[in-house]
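Encoded as structure tokens, the structure appears first; notes follow it.
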Amino acid sequence: MICKKSMPIGIDDFAKIRANDFYYVDKTGLIKDLLNNWGEVNLFTRPRRFGKSLNMSMLKHFFELGTDKSLFDGLAISQETELCEKYLGQYPVISLSLKTVHANRYDRALSELCTIIGKEALRFRFLLESPRLNEDEKGLYRQLIRYDETNQGVFAIPEAVVTASLNTLSMLLRKHYGKKVIILIDEYDVPLAKANENGYYQEMTSIIRAMFDSALKSNENLYFAVLTGCLRVSKESIFTGLNNLKMYTLLDARCDEYFGFTDKEVREMLDAYGLSEYYEVTKEWYDGYQVAQANVYNPWDVINWCEQLLTYPDKTPKSYWANSSGNNELRRFIERLGDDVTKTQIERLLAGQAVQKKIEEQLTYDTMYNSIENMWSLLFATGYLTQSGASSGNLVKLVIPNAEVRSIFSEFILKLFEKEVAKDGEAADAFCLALKNGDIVTVERLFTTFMDKTVSIRDTAVKKEFKENFYHGILLGILFYKSGWSVESNRESGEGYYDIAIEIEDESIGIIIEVKYAENEKFDEACEEAIRQINDNDYTAELREDDMLTILKYGIACYKKKCKVVMQKE
């Protein structure tokens, strides 16, 4: 029977998912492992969109006093009866997400931080009536919920109160309930990342450090705390003197399977929705992340992909994860190509091979782009690269995890190539002139010259389709430079989809191009296949309909940085 549950696209509220019967991948085993491997302050670092916020919401609803215990019925943690009796719904919980502290000025970012703290404090408004708090203590609480009188919905909490806010609130809650407090801080490093981008890093670092020191170090009201983020920011930067910090990084085997979907979980999801036939393509595109000893899929991708398949069964995979951010880390890395990053290193990665690098897990946002070593570590921490095999200390073999991320690498490399083409307009004009005139010798020579300016694709296990698409992209990067030409890519004509079609209207010349990867340097076979595909599928039909009087059919075969060109005239 096909599952009728909706996919929780963009929903990171555990209670909402469970109460409204969305599909949920059970990660409640994290609760058991956290409690059995006790740490007073626990930090999980994972790439964006890997389920951090949902897991934090799960923890909140499990521990918080007054929770709806039925939310956990039928889940793995419900089998742990002793743990549930001791912990389920037994503690006051302070829960903050700092993901929305991203203003372009410090004063505005501070206002956003105040509002997050104030809204969380408002959940405990009963403290104003608590018989266990004296008037001075209630006065401290009033400071946490003080509104900005000029801006409705925004809180105006003095900076000194902000730094002590979590300590103060935990003290008040403990006194009211007579129980120590659990503190959850999701996306703790987002304010630091945004501050670094906008020039107020030192100010934001100072206030976050002071707030964490007060809440997490020598706080007698704290039972335990959990934080999540993308980067493990160095102790010297944020966690000064925090000796009770327990780290769960991408290289740590503890709790390694709880962020991201395991292969078993993905198979079960596809089976539930009658999508088992898409297992291999799902694995190719969205699997491949190695977290210590666990292999996991990107959960954001899998959920979006399955939801799309339920509506559009013929849909092809795309980069859902990449489209959820600006990919600044990868862009800045690729821009170092030819400087600190060698073409050979990128070629190995695109070919599915590994490059071994020293990984620095303790970074600071203000220095992460200072060296290429830091940038390799940043790509690893943010999910553009992943571990392959066992690490040797901090020496890690890095690979591109899957087809999705490989396509992102390719996209940025091609954008960089287009910039290089624009600098050499004379060569691009000469290439286009030769293409129009059917001069295959010059086309072949100039295309080889252009390929030499960028990375190549090696003859490895990476799928032929990716290799062809990459060379296809290089060719488009040259052709789009030419003004006055109508260039189309991957459109339907005749009985299939051609690679590239060009119409030169003022001369009534039409050009159709099919690009092939010449595996093992079999250029002649690849060119013949390209021409045969053009003819068998009548790719020139659209050119004829548009009254192109001269039609040239090109087969271009590529291997590494070599190519061969053949042409037929219709």
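Using every alpha carbon pair in the stretch 364-422, what percent of pairs falls into each 5 Å bin from 0 up to the bin containing the largest distance?
Reading upward from the zero bin: 4, 16, 19, 21, 20, 13, 5, 2, 1.
When Rg is the radius of gyration of the Cα atoms in the stretch 1-105 and Rh is its Kirkwood radius, what does Rg/Rh come to? Spell out each step's value before the answer.
Values: Rg = 14.9 Å, Rh = 15.2 Å.
Rg divided by Rh gives 0.98.
Taking the convex hull of the alpha carbon atoms in the stretch 100-182, what volume per residue do you get, in Å³? Let's see the in-between values first.
Values: hull volume 8.1 nm³, N = 83.
Convex hull volume per residue, Cα atoms: 97 Å³.
When all alpha-carbon pairs of the stretch 336-495 are counted, what percent fall beyond 26 Å? Could you put the intermediate results ahead of the total?
Numbers: 4885 of 12720 pairs.
Value for the stretch 336-495: 38 percent of Cα pairs lie more than 26 Å apart.
Compute the signed sum of charges (Lys and Arg +1, Asp and Glu -1) over the other residues within less than 12 Å, Cβ to Cβ, of Ile182. Show your work: numbers first, answer last.
Working: positive: Lys60, Arg174, Lys179, Lys180; negative: Glu40, Glu64.
Net charge around Ile182: +2.
Which values, in whole Å and largest first, are the semi-axes of the equivalent ellipsoid of the stretch 395-464 obtained as the square root of 5 times each eigenvalue of the Cα gyration tensor? Can you show the working numbers first?
Details: eigenvalues 183, 42, 21 Å².
Gyration-tensor ellipsoid for the stretch 395-464: 30, 14, 10 Å.
Which whole-number percent is the relative contact order of the chain (Cα, under 8 Å, 6+ apart)? Could you put the intermediate results ahead of the total?
Details: 971 pairs, mean separation 64.3, N = 570.
11 percent.
In whole Å, what are the extents of the stretch 315-415 along the principal axes defined by its C-alpha atoms, from largest to smallest?
Between the extreme Cα coordinates on each principal axis of the stretch 315-415 lie 42, 30, 25 Å.
How large is the accessible surface per residue of the stretch 164-311, computed with a 1.4 Å probe and reported in Å² as a whole number? Can you show the working numbers first?
Working: 5080 Å² over 148 residues.
Accessible surface, normalised per residue, equals 34 Å².
May I ask you to give the percent of accessible area on the chain that is carbon plus sulfur, with a probe radius of 1.4 Å? Don't jump to the answer; show the numbers that get you there.
Working: 10750 of 24390 Å².
Reported share for carbon and sulfur atoms: 44 percent.
DSSP loop trypsin sites (Lys or Arg not before Pro) in the stretch 145-175 with at most 12 other Cβ atoms within 10 Å of their Cβ, which ones?
Values: sites: Arg146, Arg174, Lys175; in loops: Arg146.
Within the stretch 145-175, no trypsin sites (Lys or Arg not before Pro) qualify (loop, at most 12 other Cβ atoms within 10 Å).
Using alpha carbons only, how many degrees (0 to 90, rounded to 10) separate the axis of helix 135-144 from the longest principal axis of the chain?
Helix 135-144 sits roughly 10 degrees off the main axis of the chain.
Please report, to one decimal in angstroms, the Kirkwood hydrodynamic radius of the stretch 156-276 built from all distinct Cα-Cα pairs. Present the calculation step by step, with values, prior to reporting the outcome.
Numbers: mean 1/r = 0.0593 Å⁻¹.
Value: 16.9 Å, from the Cα pair sum.
Roughly how many Å² is the accessible area per residue of the stretch 435-485, as a whole number, for a 1.4 Å probe?
Accessible area per residue, the stretch 435-485: 43 Å².
Among DSSP beta bridges whose residues both lie in the chain, state the antiparallel percentage, nearest 5.
On the way: 32 of 64 bridges.
Just about 50 percent of them are antiparallel.
State the dimensionless ratio Rg/Rh of the stretch 496-558 (Rg: radius of gyration of Cα atoms; Rh: Kirkwood radius).
Values: Rg = 12.3 Å, Rh = 11.9 Å.
Rounded to two decimals, Rg over Rh is 1.03.
Once the Cα gyration tensor of the stretch 46-85 is diagonalised, what are the square roots of 5 times its eigenvalues, in whole Å and ordered largest first, as equivalent ellipsoid semi-axes? Let's see the in-between values first.
Values: eigenvalues 94, 29, 15 Å².
For the stretch 46-85, the ellipsoid semi-axes come out as 22, 12, 9 Å.
Inverting the mean 1/r over all pairs of different Cα atoms, compute the Kirkwood radius of the stretch 98-148 and quote it in Å.
On the way: mean 1/r = 0.0831 Å⁻¹.
In the stretch 98-148 this quantity evaluates to 12.0 Å.
Regarding the chain, what is the average projected area of its C-alpha convex hull, in nm²? Numbers along the way, then the final one.
Working: hull surface 121.1 nm².
For the chain, averaging the hull's shadow over all directions gives 30.3 nm².
Expressed as a rounded percentage, what relative contact order does the stretch 201-251 have, with Cα pairs under 8 Å and six or more residues apart?
Numbers: 22 pairs, mean separation 22.8, N = 51.
Dividing the mean separation by the residue count of the stretch 201-251 yields 45 percent.
What is the projected area of the convex hull of the Cα atoms of the stretch 422-519, averaged over all directions, in nm²? Show your work: numbers first, answer last.
On the way: hull surface 27.8 nm².
Seen from a random direction, the Cα hull of the stretch 422-519 projects 7.0 nm² on average.
May I ask you to list the trypsin sites (Lys or Arg not before Pro) in the stretch 470-518 that are in a DSSP loop and have at most 13 other Cβ atoms within 10 Å of their Cβ?
Details: sites: Lys482, Arg491, Lys516; in loops: Lys482, Arg491.
Of the trypsin sites (Lys or Arg not before Pro), the ones in loops of the stretch 470-518 whose Cβ has at most 13 other Cβ atoms within 10 Å are Arg491.
How long are the three semi-axes of the equivalent ellipsoid for the stretch 44-160, computed from the Cα gyration tensor as the root of 5 times each eigenvalue, in whole Å, largest first?
Details: eigenvalues 193, 100, 19 Å².
Each semi-axis is the square root of five times an eigenvalue, giving 31, 22, 10 Å.
Skipping prolines and chain starts, which residues have an amide H placed within reach, meaning under 5 Å, of the one on Ser97, given they are 5 or more residues away or on another chain?
Asp186
Given that compact globular proteins tend to follow 2.2 N^0.38 Å, what is the ratio of the alpha-carbon Rg of the stretch 309-358 to that value? Display every interim value, and only then the final one.
Working: Rg = 15.5 Å, N = 50, 2.2 N^0.38 = 9.7 Å.
In units of the 2.2 N^0.38 Å rule of thumb, it is 1.60.
Which ³J(HN,Hα) values, rounded to whole Hz and listed in residue order, are derived for the stretch 411-416 from phi using the Karplus coefficients 6.51, -1.76 and 1.60 in 6.51 cos²θ - 1.76 cosθ + 1.60 with θ = phi - 60°, glycine and proline given as x?
Result, ordered by residue: 4, 6, 5, 5, 5, 5 Hz.
Please go through the stretch 142-221 and write out the GluC sites (Glu not before Pro) that DSSP classes as loop and that have at most 13 other C-beta atoms within 10 Å. All intermediate terms of the calculation are to be shown ahead of the outcome.
Working: sites: Glu149, Glu159, Glu187, Glu197, Glu203, Glu220; in loops: Glu149, Glu187, Glu220.
For GluC sites (Glu not before Pro) across the stretch 142-221 that sit outside H, G, I, E and B with at most 13 neighbouring Cβ atoms in 10 Å, the list reads Glu149, Glu220.
What fraction, in whole percent, of alpha-carbon pairs in the stretch 224-323 exceed 20 Å separation? All intermediate terms of the calculation are to be shown ahead of the outcome.
Working: 2394 of 4950 pairs.
When every Cα pair of the stretch 224-323 is considered, 48 percent fall beyond 20 Å.
What does the charge count around Phe380 come to, taking other residues whose C-beta lies under 13 Å from its C-beta (Lys +1, Arg +1, Asp -1, Glu -1)?
Details: positive: Arg46, Arg232, Lys357, Lys358, Lys397; negative: Glu329, Glu360, Glu361, Glu373.
Cβ neighbours under 13 Å give a net charge of +1.
The values are calculated or read from the model by the stated rules, or taken from the named source; none is laboratory data. Remember, it's a predicted structure, so these values are computed and weren't measured experimentally. Positions of Cβ are generated from backbone atoms using ideal geometry, with glycine treated the same way; all protein chains shown enter the neighbour counts. For accessibility, only protein heavy atoms count, side chains too; no ligands or nucleic acids. Shrake-Rupley method; radii C 1.70, N 1.55, O 1.52, S 1.80 Å.
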